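Working notes for the structure below.
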Amino acid sequence: MLADERAHLERLLAEVGRRDVVREAGDEHADRDDGAQPLTAEEADEAVASGLRNRLAAISRAEARLEAGTYGRSVKSGDLIPDERLEADPAAELTVEEAAARR
């Protein structure tokens, strides 16, 4: 599951990067009267890319826990994380209760 998630996130991050390249190429022909449009698209793409990078970091931490033999246990309490939670979020670091308490 972690490998699949990593591959999916890397594809999405590459797609965001391609949109940035396409936008830059189109900027030379862009309407100069609306300077806010490219900036808004840039900011949106950067926000998406930032979220994807954060998720990749979570996947990396989960992979490290897998190698260490602690995958599937809360990083906070050491309690088992139910399989259903790990299926829904392979990078889960906390039990549902711990995650809810953190919010």
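The values are calculated or read from the model by the stated rules, or taken from the named source; none is laboratory data. Fair warning: this is a prediction, and the values are worked out from it, not measured in the lab. Glycine also receives a Cβ, built like all others from the backbone with ideal geometry; neighbour counts cover every protein chain displayed.
Things worth noting here:
- Tallying residues that are touching a Ser or Thr at 6+ places or on another chain (Cβ under 9 Å) and within 22 Å of Leu52 (Cα to Cα) within segment 73-90 yields 1.
- Restricting Ala91, Ala57, Ala64 to those that are at pLDDT 95 or above, closer than 24 Å to Arg11 by Cβ and not assigned by TED's automatic domain parsing to the domain that holds His8 reduces the list to Ala91.
- Residues that are under 19 Å from Arg61 (Cα atoms) and out of contact with any helix residue (DSSP H, G or I) (no Cβ under 8 Å at 6 or more places or on another chain), drawn from segment 85-103: Leu86, Glu87, Ala88, Asp89, Glu98, Ala99, Arg102
- Within segment 76-102, the set of residues being more than 19 Å from the chain's Cα centre (by Cα) and either under 19 Å from Ala3 (Cβ atoms) or not in a helix (DSSP H, G or I) (or both) comprises Lys76, Ser77, Gly78, Asp79, Leu80, Ile81, Pro82, Asp83, Thr95.
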